[in-house]
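Worksheet: one structure, shown below.
The values are calculated or read from the model by the stated rules, or taken from the named source; none is laboratory data. None of the values given here were measured: they were computed from a predicted structure. Neighbour counts are summed over all protein chains in view; Cβ atoms, including those assigned to glycine, are modelled from backbone coordinates with ideal geometry.
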Amino acid sequence: MFTDSSVLLTGVGGEGQVGEIVAQAFANLGASLILVDRTLEKAQAQAAAIGAAGHAARGYACDLANADAVAALADVIRQDHGDRLRALVHMVGGFAMSGPVAESSAADWKKQIDLQLGTAYLTTRAFLPLLRADRGSIVLFSSQAALPGAAIAEMSSYAIAKTGVATLMRAIAAEERKNGVRANALAPAAIRTAANLGSMGDGVRYVEREQVAAAVTFLCSEDASAISGVLLPLA
C-alpha cells in the first residue's frame, strides 16, 4: 500500500508508546520510514527495530518546537530521502493538568501550547512542499478534550492546545485541497501506552495502540482519498 513511499513520523517515542505500533504498521505496508523524536536514542532505537524486521527506517532528533531546528530537519530529510513524502503523522504531545484558570501558571500554559499546537504548525509548514510533491496526507493528533461537551475543568491549556490542533488541521485541509494534500486528525481518549499505564494503571478504558495505527494508516491510504478535514474520535 505504501511501497516505494516515504512516511515521516514525528514524536515516535520509545518502546511501549503509540509511535512504536504506528511505525510497525506503516513498515508492514511497505513504507520507508523517517522517524523523528526529540531524543536521538529513541528515534534510532525504533529505526533499528524496524530495520531488524527487514524494513527501511532511519531515525533523527529534533526539537520540533524550534522553528530553525525544524527547517534544518526538513533540509536534511530532503537531502537524505528526496523531495517527496507520502504521509506526515505528527504524534508529538503529552498530557498535563494546568489547574483552575485563576490559579494556573502562565509558563505551564505556554508549554502546552508550544508542545501541542506549536510543533504541529511548525512541522506541517516545513514539510508541506514535500507532501505536495507526492499529493500526500497529514494526520495530526488532537484529543477527546477538543470535542464538544468534553470535561475540561483544570486542563484548559491542554484542551485549548488540542482544539487548536483540530482547527489547524481544518485550515490545512481547506488550503491544500488544490494541491492534492489531505489533512485529518484523530481525537483519541487515553491510549494504552507504557506512560499512561504507569500513571493511570490498568483500570481505565483505553484505546489500543493497534486501533490508533489502523486509523492512521487508513487515513493516509488511497482508500481514504475522499476524506479530508475530518476530526475522527477514538474511544
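Mind checking which residues of the stretch 219-232 are under 16 Å from the mean Cα position of the chain (by Cα) and loosely packed, with under 15 Cβ neighbours inside 10 Å?
Passing the criteria: none in range.
Restricting the stretch 184-218 to residues that are hydroxyl-bearing (Ser, Thr, Tyr) and either in contact with a Pro (Cβ under 8 Å, 6 or more places away or on another chain) or crowded, with 19+ Cβ neighbours inside 10 Å (or both), which is nearest to Leu8 (Cα to Cα)? I'd like the intermediate steps shown before the answer.
Going residue by residue through the stretch 184-218, those that are hydroxyl-bearing (Ser, Thr, Tyr) are 193, 199, 206, 217.
Next, only the ones that are either in contact with a Pro (Cβ under 8 Å, 6 or more places away or on another chain) or crowded, with 19+ Cβ neighbours inside 10 Å (or both) stay: 193, 217.
Values: Thr193: 21, Thr217: 12 Å.
Looking at the filtered set, the residue picked out is Thr217.
Across the stretch 152-181, which residue is surrounded by the most Cβ atoms within 10 Å (Cβ to Cβ) among those that are polar (S, T, N, Q) and touching a helix residue (DSSP H, G or I) at 6+ places or on another chain (Cβ under 6 Å)? Outline the logic, then answer.
The first filter runs over the stretch 152-181 and keeps only residues polar (S, T, N, Q), leaving 156-157, 163, 167, 179.
Checking the rest, the ones that are also touching a helix residue (DSSP H, G or I) at 6+ places or on another chain (Cβ under 6 Å) come to 156-157, 163, 179.
Working: Ser156: 18, Ser157: 25, Thr163: 21, Asn179: 14.
Taking the candidates together, the pick is Ser157.
Do we have Asn196 as assigned to a strand (DSSP E or B) and within 20 Å of Gln144 (Cα to Cα) here? I'd like the intermediate steps shown before the answer.
Working: assigned to a strand (DSSP E or B): no; within 20 Å of Gln144 (Cα to Cα): yes.
The answer is no for Asn196.
Is it fair to say Ala43 is under 19 Å from the mean Cα position of the chain (by Cα) and surrounded by 22 or more Cβ atoms within 10 Å (Cβ to Cβ)? Step through it out loud before you land on a result.
Working: under 19 Å from the mean Cα position of the chain (by Cα): yes; surrounded by 22 or more Cβ atoms within 10 Å (Cβ to Cβ): yes.
So Ala43 fits the description; yes.
List every residue pair whose Cβ atoms sit under 6 Å apart, with the two residues 6 or more apart in sequence or on different chains, where the first one lies in the stretch 167-190 and is more than 21 Å from Ser143 (Cβ to Cβ) and the second, anywhere, is surrounded by fewer than 20 Cβ atoms within 10 Å (Cβ to Cβ) and modelled with pLDDT of 95 or more.
From the stretch 167-190, the pairs are Asn179/Arg132; Gly180/Arg135; Val181/Arg132.
Looking at (1) without any contact (Cβ under 8 Å) to a residue 40 or more places away in the chain; (2) buried (at least 18 other Cβ atoms within 10 Å of the Cβ), which one does Glu103 not meet, given that it meets all the others?
It is condition (2) that Glu103 fails.
Looking only at the stretch 48-75, how many residues end up being within 19 Å of Ser5 (Cβ to Cβ) and either surrounded by fewer than 22 Cβ atoms within 10 Å (Cβ to Cβ) or in contact with a Pro (Cβ under 9 Å, 6 or more places away or on another chain) (or both)?
Count: 8.
Show me the strands (runs of 3 or more DSSP E) entirely contained within the stretch 1-62 in which 2 or more residues are touching a residue at least 40 places away in the same chain (Cβ under 8 Å). If you could, list the steps in order and put the result at the bottom.
Working: elements: 6-10, 32-37, 57-61.
Filter on the stretch 1-62 gives 6-10, 32-37.
Please go through the stretch 133-151 and give me each residue that is aliphatic (A, V, I, L, M), free of Cβ contacts under 8 Å to residues at least 60 places away in the same chain and crowded, with 19+ Cβ neighbours inside 10 Å, ordered by number. Give the derivation first.
Kept after step one, since they are aliphatic (A, V, I, L, M), are these residues of the stretch 133-151: 133, 138-140, 145-147, 150-151.
Okay, now just the ones that are also free of Cβ contacts under 8 Å to residues at least 60 places away in the same chain, so 133, 138, 140, 145, 150-151.
Answer for the stretch 133-151, where residues must be aliphatic (A, V, I, L, M), free of Cβ contacts under 8 Å to residues at least 60 places away in the same chain and crowded, with 19+ Cβ neighbours inside 10 Å: Ile138, Leu140, Ala145.
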